[in-house]
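**Q** Starting off with a structure, shown below.
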Amino acid sequence: MDASFFDILAKQFGSSQGALAQEYVVAHEYGHHIENILGVLGRAQQDPQGSASGSVRIELMADCFAGMWAQHASTTKDANGTTFIKPLTEKDVRDALSAASSVGDDRIQAKTQGQVTPETWTHGSSEARQRWFIQGMKAQTINDCNTFGVSDPETQTVTG
Ligand SMILES: [Zn+2]
């Protein structure tokens, strides 16, 4: 992974540089690995653009998995009784949401092309990316991250 991406995220797109902001990015990418194992990753290529596209659903699912990771890494204890990362503070969560928000298609399009065109989205809006991360933090099972299970992942999340 190219660590200069974190600089670009912070300097060009206004993300926080907090630890959980960076960990969110790594967890999101690992989420794509899980999607590959689950056999759904290819749906991004089959339906690559638009606010309810396969691509956006795959990206929002990876955000949800990143939220699941953050929740579990901060509460699961190793053999010595120590959690993998320190318990999350409100600031940590704000940092992660700041990173998720900074890579929303609407935010990036407004900045780079001066207009927002949802029909060409590939990753989802700032709002949806934050919402699916939070969904992951609250998730009981991986099915709570099934972005293909709602008709509009831009405005809906899975309800248990
Ligand atoms: Zn991604």
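Every read-out reported here was derived from the displayed coordinates using simple, explicitly stated rules and does not represent laboratory data. Here the structure is a predicted model, which is why all the values come from computation and not from measurement. Positions of Cβ are backbone-derived with ideal geometry, glycine not excepted, and every protein chain shown enters the neighbour counts.
**Q** Please order MET137, MET61 by the number of other Cβ within 10 Å, starting at the fewest.
**A** MET137, MET61
**Q** If the only charges are +1 at each Lys and Arg Cβ and -1 at each Asp and Glu Cβ, what is the size of the charge dipole of the stretch 15-149 around the Cα centre, to the nearest 20 debye?
**A** It comes to approximately 200 debye.
**Q** If amide hydrogens are placed 1.01 Å from N in the peptide plane, which non-local residues have theirs closer than 5 Å to the one on THR83?
**A** Residues meeting the amide H criterion: ASP78.
**Q** Another question, then. Compute the length gained on full extension between ASP47 and THR159: take 0.36 nm times their separation in residues and subtract their Cα-Cα distance, giving the result in nm to one decimal.
**A** That works out to 37.9 nm of additional length.
**Q** Measuring from label point to label point, each 7 Å out along Cα→Cβ, what is the TYR30 to ASN146 span in nm?
**A** About 2.4 nm, to one decimal.
**Q** Measuring from label point to label point, each 7 Å out along Cα→Cβ, what is the ALA73 to LEU38 span in nm?
**A** Placing both labels 7 Å along Cα→Cβ, they lie 1.8 nm apart.
**Q** Roughly how many nanometres apart are two label points built 7 Å out from the Cα toward the Cβ at THR82 and LYS138?
**A** 3.3
**Q** Positive end of the dipole of the stretch 15-149, charges at C-beta (+1 Lys, Arg; -1 Asp, Glu), about the Cα centre: which of ILE58, GLN113, GLY31 has its Cα farthest in that direction?
**A** Checked the options; the winner is GLY31.
**Q** Moving on to the next point. Once the principal axes of the Cα atoms of the chain are found, what is the range along each, listed largest first in whole angstroms?
**A** Principal-axis extents of the Cα atoms in the chain, largest first: 50, 35, 26 Å.
**Q** Name the residue from ALA19, ALA79, PHE148 whose Cα lies farthest towards the positive end of the charge dipole of the chain, charges +1 on Cβ of Lys and Arg and -1 on Cβ of Asp and Glu.
**A** Selected residue: ALA79.
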